[in-house]
């Protein structure tokens, strides 16, 4: 109480300082106000007087005042008058109840703030200090400790409400607004005594941003009232829009009393913009001016997103550009008995209040009796005026939205007073009820009104956010119907269902067209993120969604994009198949080589008793032909889809058969070389190179290769492998070597034997004989070594299936080289030169003929 008294003294001194005229004596005890206090437009006495303040009048003049002419008179807002009379109705309804404040009468003092901060503050001072003409400044504050009213309903707009809340909060006088939606008023540190029955703009802004995102409008314009309501509401919306990925092309502010040139500039910005959707956080008066300016040719085709302040204003339906406008509003309701109360107004009753008198004269364009000289209307009302025949916002009770907020605010104050008297005073006199107790009770009220609406406040003094979505439909030039959808906001806004005009679905408002599939967005330098270019996805990436947020994603390793780059398809698997042209050609050569080897073996077997066959070690020759047949056949294991067994078989079979082949050639070479060494006198060397030793040497050389292959297969065998690195767009199915050391050990051992064979054959090439087999072995080894030396770089550099083809080619080429160089001359003599197939001719007794 001591703190409250000090605050009262402070504000009282402020009151005296601000309003003290020159005629106010410098008397430390009392001071008389310079002018008369602002009298209420509607009032009634009672045990508790509830204050009310509404924006019944507003100024619509634009431009700077020159003070050379009288400023225009403010306009009366019939809807705001309905709000004020709804408070009257509610208090009368409460007074007629027996369960709420029994035996106690509520009164009211309803003022007009004229949508002006100065007037709102003046009325707030009167609510705090009363309307006494003399101010007593004494050390005792006991008479000033109690405010003139215990609580206030209003104001209708945010800016005056903010000014009042800052002052009333010093005294703890509760203020319950029905229409001040600025999110800033939820700050209890700044506005500790402020409550409201209308949801905060924080929720509305989030819901609007979510709705804009729902329709894919990523490029929008924004206009707002240059006031606390417009600036704070738009700031909340822009923050929510940024989180939703929505870009704003422009954000313009306008207030109805600003110069007309400012309004023209805002309208010009809207006309020149590329955004077809505009979010307007504006009051009714500001929107009226803006729509009138935009209605001038050329009138743009726009999709309006409106705030609750103007989206239900019926007078805007005459603007065709508002077709399809959508926005969130508080739910409409029904207040039983209100319409009858509003229409129960006669000319006699209207004369009792200046507000009702002005309403009557403005509605019927006549002056009431006795006011002809002071009224702008020359015709006197004759009593035939019927208020029920009027069609204006005062009599329109079809959609009671904000009116219901007034109804709930008044009931909330009544329940708070009832709580103090019936629950806390415990039978004590209600005259000692303080505003602090009422404020405390307001934070705890929780009741249901007669028309079925729940009323309570959270810790910020705000109600639960409940909205309806309104959409204006146009069926002809001037016919609009609004559809509503119930939307409850709990935490994050969610839109469960939307039924909107087809115009809303047809409108497109984007800075850049959505990227098609197969492309991605690239933000344009220096422009908002909603402005972008669509560029094709990089190699190996796809985009299967359209939209401004389309991104390219990398296909899985075994997939590759199609030509449109909108889906991933399995990569084609490449290997040397049987039906491939190259595979068929190599198969033909392999089969042909096998056939040739078999034919040669048949010829040798048929002529096995002939001198040329016997002279060339027929046993090794048949073993050599057998190994060559295996060499031709083993090349077939390289063709076809690699499998675990084929990978192990192809390399080991190739290594072992070639070693067997080279071992036979090496044995024949050694035999030729040793045979001529044995002709020397006293030489007994041939006993070490007889048939058993030859067979053992071939076996020994072959077993070494078998051991190498066994170790290779045991430690790190070859296996099928999908090569994804060589080609990006296809998979190479090949046999991984497993152990490169094992592979090169097999090849190295073959090469070692081939070089050894080549050296020995080279040494024996000039031995005297008409048919020296060492010459042919030398040529065959020369071809063999040349093939496999060139194989190494070709094998390493060949891509895909050509790697296998190179290996098969090397096998076939070296096999053909051996069979042609070693056996072709013998077969030629056997078939075409049988006369040379004699022992004498072979040992040089008969001169040889040129082949």
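Straightening the chain between residue 696 and residue 527 buys 52.3 nm, computed as 0.36 nm per residue apart minus the Cα-Cα spacing.
Per-residue extension of 0.36 nm, minus the Cα-Cα distance of residue 45 and residue 644, leaves a gain of 205.4 nm for this segment. Going from the residue with the fewest nearby Cβ atoms within 10 Å to the one with the most, 763, 106, 317, 208 rank 763, 317, 106, 208. Descending by average beta-carbon neighbour count within 10 Å, the peptides 660-666, 826-832 line up as 660-666, 826-832, the highest first. Principal semi-axes of the equivalent ellipsoid, √(5λ) from the alpha carbon gyration tensor of the stretch 237-368, are 36, 20, 13 Å from largest down. Classified by the C-alpha gyration tensor, the stretch 519-566 has a prolate form. Its axis ratio a/c, with a ≥ b ≥ c, is 1.5 or above, and a/b is larger than b/c. Computed over the alpha carbons of the stretch 181-264, Rg followed by Dmax gives 14.5, 41 Å. Quick check on the stretch 106-263: of the DSSP beta bridges with both residues there, what percent are antiparallel, nearest 5%? So the antiparallel bridges in the stretch 106-263 amount to around 0 percent. Between residue 711 and residue 539, the modelled labels are 4.2 nm apart [label points 7 Å from Cα along Cα→Cβ].
With both labels modelled 7 Å from their Cα along Cα-to-Cβ, the residue 118 to residue 730 distance reads 8.7 nm. Computed from the Cβ-Cβ distance with R0 of 60 Å, the FRET efficiency linking residue 365 to residue 243 stands at 0.70.
Available extension along the chain between residue 301 and residue 831 is 180.7 nm, counting 0.36 nm per residue and deducting the alpha carbon span. Exposure proxy check: 57, 473, 75 ranked by fewest other beta carbons within 10 Å? Final ranking by Cβ density, sparse to dense: 75, 473, 57. Label-to-label distance, residue 460 versus residue 349, with points set 7 angstrom from Cα along the beta-carbon direction: 4.0 nm.
Values in this text are rule-based calculations from the coordinates and carry no lab data. Since we're looking at a predicted model, the values are computed, not measured. No Cβ is skipped: glycine too gets one built from the backbone with ideal geometry, and neighbour counts run over all protein chains shown.
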